[in-house]
Amino acid sequence: YVNSRVAKVNARGEWIASWGSLGNGPGQFDTPHGIAVSPAAEIYVADRGNGRVVVLDNDLNWKANYTNVGNPWTVCVSGGPIKNASKQYLYSSNSGPDAAPAGPAEYTGEIYKMELDGTIIGKFGKAGKAPGEFATVHGIDCRDPNTLYTAEINNWRAQKIVLKPLPAKASN
């Protein structure tokens, strides 16, 4: 909560580099709150305070901002190594506005499913306490792109969400 940067270390935990400062402009974060790395070594940062997902390359160079996903508190990239994984997806939680305790709002509680380029495939969920509703999703496990585990801090629970995969397109 004090730093507004992404740090890179090697496998031994030795410092390599950092990127970012406090703010809302290029190269800046406001409460970077979640991070995920794709098998292609792209870095996805849930920039909670700025309401965006920031994409960096493996050398911490800026690539893109995804600003159409509400207030992301966490991100997850599905699958494993590219050679063994199914198609990769990016999941992001919309858990804003930040309040303690958080109250439900009509524009919070969704989980977004996206292509890695930021194209939204779909979203599901809404604020609430019933199954499939969310209150401040703080973590997502998406190693299987059709089975998600969410951790909510305001409902004090975890949920298992099973998505129905889209049918394969018929070839012409």
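The values are calculated or read from the model by the stated rules, or taken from the named source; none is laboratory data. A quick note: this is a predicted structure, and the numbers were derived from the prediction, not measured. As a convention, Cβ positions derive from the backbone with ideal geometry for all residues, glycine included, and neighbour counts pool all protein chains shown. Heads up: the accessible areas ignore ligands, DNA and RNA and are worked out on the full protein's heavy atoms, side chains in. Shrake-Rupley method; radii C 1.70, N 1.55, O 1.52, S 1.80 Å.
Here each label is just a point 7 Å from Cα along the line to Cβ, and for L22 and A40 those points are 3.5 nm apart.
Once all protein chains are placed together, W15 keeps about 150 Å² accessible to a 1.4 angstrom probe.
Take the Cα of N10, step 7 Å toward its Cβ, do the same at Q159, and the gap between the two points is 4.4 nm.
Compactness of the stretch 8-72 was expressed as the Cα radius of gyration divided by 2.2 N^0.38 Å, which yields 1.09. Charged neighbours of N65, selected by a Cβ distance under 11 Å, balance to +1 (K, R count +1; D, E count -1). Placing a label point 7 Å from the Cα of A64 along the Cα-to-Cβ direction, the residues of the stretch 23-48 with a backbone N closer than 13 Å are 42-45.
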